[in-house]
Each structure stands twice: as structure tokens, then as C-alpha cells.
Amino acid sequence: MILNHLWGLYAHPLEEWQTIDNRHESLTYSLSHILLIALFPSAMGYYSSVYLGWSIGTGNPVFLTHESALMIGAAMYVALIVGVFALAYLAHWMAVTFGAKPTFTQTIELAAYTATPVFMSALAAFWPELWFVVCVGLVALAYSVYLLYTGVPILMHIPQERGFIYASSVVTCGLILLVIILALTAMLWTNGIISPMFT
């Protein structure tokens with residue numbers, strides 16, 4: 001079923017949002033989706049940094065040690081899951097203002113499925129050139145925003161006009177969460193708690 005949703009979100013997003021809304025899977029199902037999809041960036045980050053090496057500009061590829069990449073990958077996995085939950089909580093909290101009364105499971109679905117393209121863009125790390133990964137990431141981010149704007153009126157059951165403002169608020173919260181995660185990462189790196197070790 002998770003693979004069906006993945007394909008549907010890319011092939012026919014509006015119909016897939018209707019399917020997700022009609023089924024409203026359990027919280028366990030939504031959690032399994034998040035836990036599976038969050039593996040992509042974590043596993044690809046580990047694999048590309050240990051075995052492929054990252055190329056930045058014209059310099060030689062940069063590699064991390066196995067232990068360092070594993071620790072950073074695990075921290076990334078936890079941060080991604082916490083980020084999705086935080087976004088779902090904020091979406092749930094803001095929904096009342098816009099006349100929606102979703103369950104927490106509905107907002108988890110919204111956060112998880114809109115984050116899916118960004119998480120899946122980690123497959124670009126099979127060719128770990130920074131410019132390529134950034135370009136793929138930007139396209140995936142744009143598609144995630146599109147999914148959010150199309151999914152909000154369907155999942156939250158609010159009119160299109162209010163849905164647009166609500167989705168814009170969720171995007172803003174998502175960007176703030178991203179900045180917080182990046183700031184925490186920088187703090188952990190500079191304090192040596194989760195600092196990369198190069199080979």
C-alpha cells in the first residue's frame with residue numbers, strides 16, 4: 001500500500017489525495033510510512049559519504065569514516081522523523097484557526113506524504129555531486145509544496161481559498177523547522193558532539 005501511495009503521489013496526486021482521505025489509514029500505518037521513507041536520506045547519506053565520496057567543486061572526493069557516517073545517518077534519521085511530527089503537530093494546532101477539525105492522524109498523513117518527494121530526492125546521492133543533489137532537492141521541494149497546496153483542501157476539508165492560506169502557514173512552519181534543524185546540526189558539529197571524521 002505504501003508503494004501504491006508513492007506512485008500515486010507522483011502519477012496522479014489529486015486522485016491519490018482523495019484515496020488517502022477516503023481510507024484514512026491508522027496512525028500505525030502513517031508511522032510505518034514515515035519510518036520507511038526517512039530511511040532513504042539517512043541510508044543514502046551514509047552510503048554516498050563512505051563509498052562514493054562527495055565532490056565539491058573540482059577538488060578530490062571527500063569520504064567519511066564508517067563510524068562517523070553511521071552516527072550522522074542515525075542522527076539524520078531521528079531528526080527527519082521528529083521534524084515530520086513537529087510539522088504535523090503545528091498543522092494540527094493551526095487547523096482550528098482555519099475552520100478545520102482534523103485528527104492528529106490526518107495531519108500526520110499530510111506531513112508525511114508532502115515530505116515524501118524531499119526524502120526520496122536523496123536517491124540523487126548515487127551521483128554525489130553537490131550541484132546535482134541541490135538541483136534535485138530544489139525540484140523535490142517545489143513538488144512537496146505543490147502536494148501540500150493540493151492536499152490541504154482534500155484532507156483538511158476546508159475551502160480552496162482558506163486552504164491556500166493554511167498551506168502557506170504550514171510551508172512557513174516547515175521552513176522554520178528546517179532552519180532550526182540546520183542550526184542544531186551546526187551547533188552539534190562545532191561542539192564536537194556529532195562532528196564528521198574524514199578518511
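The values are calculated or read from the model by the stated rules, or taken from the named source; none is laboratory data. No experiment lies behind these values; they were computed from the predicted model shown. All accessible areas refer to the heavy atoms of the entire protein, side chains included, with ligands and DNA or RNA removed. Shrake-Rupley method; radii C 1.70, N 1.55, O 1.52, S 1.80 Å.
(i) -0.26, -0.65; (ii) -0.34, -0.82; (iii) -0.29, -0.73: which one is log10 I(q)/I(0) by the Debye sum over Cα atoms at q = 0.08, 0.13 Å⁻¹ as calculated from this entry?
It is the one labelled (iii).
Two-decimal Rg/Rh of the stretch 89-142 from alpha-carbon positions, Kirkwood Rh? List each step's numbers first, then the result.
Numbers: Rg = 15.3 Å, Rh = 12.8 Å.
Taking Rh as the inverse mean 1/r over Cα pairs, Rg/Rh reads 1.20.
For helix 2-11, what angle does its Cα long axis make with the longest principal axis of the chain, in degrees from 0 to 90 and rounded to 10?
Rounded to the nearest ten degrees, it is 80.
At 1.4 Å probe size, what's the solvent-accessible area of S144? Round to the nearest 10 Å².
10
Roughly how compact is the stretch 73-118, stated as its Cα Rg over 2.2 N^0.38 Å to two decimals? The partial results should precede the final answer.
Values: Rg = 11.6 Å, N = 46, 2.2 N^0.38 = 9.4 Å.
Normalised Cα radius of gyration, the stretch 73-118: 1.23.
Applying the Karplus parametrisation 6.51 cos²θ - 1.76 cosθ + 1.60 with θ = phi - 60° to the phi angles of the stretch 103-118, what ³J(HN,Hα) value in whole Hz is obtained for each residue in order, glycine and proline being reported as x?
For the stretch 103-118, the Karplus curve yields 7, 5, 4, 5, 6, 5, 4, 4, 5, 5, 6, 6, 7, 4, x, 5 Hz.
If eta is 1.567 mPa s and T is 4 °C, what Stokes-Einstein diffusion coefficient results for the stretch 1-66, Kirkwood Rh from Cα pairs, in µm²/s? Intermediate values should be presented prior to the final figure.
Numbers: Rh = 14.5 Å.
Using the Kirkwood radius from Cα pairs, D works out to 89 µm²/s.
Please calculate how many Å² of accessible area the chain carries per residue, with a 1.4 Å probe and no DNA, RNA or ligand atoms counted. Display every interim value, and only then the final one.
Details: 10600 Å² over 199 residues.
In whole numbers, the chain has 53 Å² accessible per residue.
For the stretch 1-111, just the Cα set please: Rg and Dmax, both in angstrom.
According to the Cα coordinates of the stretch 1-111, Rg and Dmax are 17.8, 55 Å.
Could you tell me the center-to-center distance, by alpha carbons, between the stretch 68-105 and the stretch 4-59 in angstrom?
Answer, in whole Å: 14.
Debye sum, Cα scatterers, the stretch 101-171, no solvent: what log₁₀ I/I(0) at q = 0.22, 0.23, 0.24 1/Å?
So the normalised log intensities are -0.87, -0.92, -0.97.
Would you kindly find the accessible area of E161, with a 1.4 Å probe and non-protein molecules such as ligands, DNA and RNA excluded, rounding to the nearest 10 Å²?
130
Over the chain, with every protein chain in place, what whole percent of the accessible area is carbon and sulfur at 1.4 Å, could you tell me? Walk me through the numbers on the way to the answer.
Details: 7950 of 10600 Å².
Ligands and nucleic acids excluded, carbon and sulfur give 75 percent.
Give the accessible area for F40 in Å² (nearest 10); use a 1.4 Å probe, count only protein heavy atoms, and leave out ligands, DNA and RNA.
60
Per DSSP H run of n ≥ 4, the term is -39500 (n - 2.57); total these for the chain, divide by its residue number, and report the mean residue ellipticity at 222 nm rounded to 500 deg cm²/dmol. Write down the numbers at each step before the final one.
On the way: 8 runs with 146 residues, N = 199.
Using -39500 (n - 2.57) per qualifying helix, the result is -25000 deg cm²/dmol.
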